[in-house]
Amino acid sequence: MAWGGFKGWSAQRRGRSQRGAQSPPSHEEEQARRIAELTASRRAVADAYEIERQRIERDLHDGAQQYLVAAAIKLGEAQLDAEGQLADLLAAAKKDVDAGLEALRATVRGISPQVLHDRGLVAAVYDTAASYGPHVSVHAPHPLPTLSPSVLAAGYFYVAEMLTNAAKYAPGAKVSVLLTADESLRITVMDEGPGGARIVDGGGLAGMRERLAAFGGTMELHSPDGGPTRVRCTIPLLLDRGQPGVPGQYPHEAHGGGGAQ
């Protein structure tokens with residue numbers, strides 16, 4: 001055998017020996033692999049669910065809502081020439097249609113707010129904070145990475161739930177929302193209310209904790225008597241880093257009354 005051929009044969013043998021000598025994964029490594037697979041599987045299901053929610057939202061917005069808007073306009077036009085009892089009936093009908101339209105819009109916002117998918121999580125949080133008044137501030141020091149539909153929804157509804165709780169149990173108190181991301185998305189909501197919050201079975205906090213768990217996420221509550229109340233959620237990000245969630249930049253800090261920039 002030529003010397004060059006012998007060297008090639010010897011290197012192949014060493015490679016096979018090294019591969020054969022590799023030890024199987026440890027119990028901890030195998031557990032970590034299974035947890036990662038389970039988390040990815042859960043998130044895929046949640047993504048599919050969220051995409052369906054978006055489809056329903058679009059159907060309601062482009063279908064039923066448009067018919068109600070058209071009906072309200074026609075009733076308003078009919079009122080211009082109506083008199084007496086007919087005018088009263090048309091006014092009552094328009095009032096009912098307007099109420100139904102507002103209820104439908106509230107339902108659509110609850111299903112999946114359009115700004116969340118058009119402009120991203122930070123903009124949606126700004127808009128929600130704006131509805132509570134200038135005592136609610138939002139801080140996003142850096143652009144967030146691209147987020148899957150289910151993580152977008154989980155982050156948004158977490159903030160919405162925390163702001164609802166703050167308005168209910170600490171009305172008028174200053175509230176701050178902080179959004180950051182590295183290997184995980186972290187959202188902290190703190191209010192300067194009286195504190196004493198607890199997680200109880202069947203409550204909003206317990207439900208939110210369960211929802212976050214579907215993503216391998218966690219929720220921490222710190223609420224001593226006398227306040228402040230601080231709630232932080234952490235959701236691991238199983239996606240590429242470095243790309244903004246939507247084009248453009250957001251202000252690093254905004255107050256609730258200012259809305260999205």
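Quick check, is Ser150 farther than 23 Å from Pro224 by Cα, polar (S, T, N, Q) and either outside the structural domain of Pro228 (by the TED database) or under 11 Å from the mean Cα position of the chain (by Cα) (or both)?
yes
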Q: Exactly one condition in (1) part of a strand (DSSP E or B); (2) surrounded by fewer than 21 Cβ atoms within 10 Å (Cβ to Cβ) is not met by Asp225; state its number.
A: (1)
Q. When both residues are 6+ apart or on different chains and their Cβ atoms are under 7 Å apart, which pairs have a first residue that lies in region 62-76 and is on the phi < 0 side of the Ramachandran plot, and a second that is of a type in the set (Gly, Ala, Ser) and surrounded by 13 or more Cβ atoms within 10 Å (Cβ to Cβ)?
A. Leu68/Gly100; Leu75/Ala93
Q) Consider Glu161 against the criteria (1) surrounded by fewer than 19 Cβ atoms within 10 Å (Cβ to Cβ); (2) not assigned by the TED database to the domain that holds Met219: it satisfies all of them except one. Which criterion is unmet? A) (2)
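If I filter region 206-222 down to residues being closer than 18 Å to Lys168 by Cα and surrounded by fewer than 18 Cβ atoms within 10 Å (Cβ to Cβ), which single residue comes out as nearest to the chain's Cα centre (by Cα)?
Among residues in region 206-222 that are closer than 18 Å to Lys168 by Cα and surrounded by fewer than 18 Cβ atoms within 10 Å (Cβ to Cβ), the one nearest to the chain's Cα centre (by Cα) is Gly207.
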Q. How about region 105-196: which helices (runs of 4 or more DSSP H) wholly inside it have at least 1 residues that are among the small types (Gly, Ala, Ser), at negative phi and modelled with pLDDT of 90 or more?
A. 121-130, 149-169
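The values are calculated or read from the model by the stated rules, or taken from the named source; none is laboratory data. All figures in this text were calculated on a predicted structure; none of them were measured in a lab. Glycine gets a Cβ as well: all are built from the backbone with ideal geometry, and neighbour counts include every protein chain shown.
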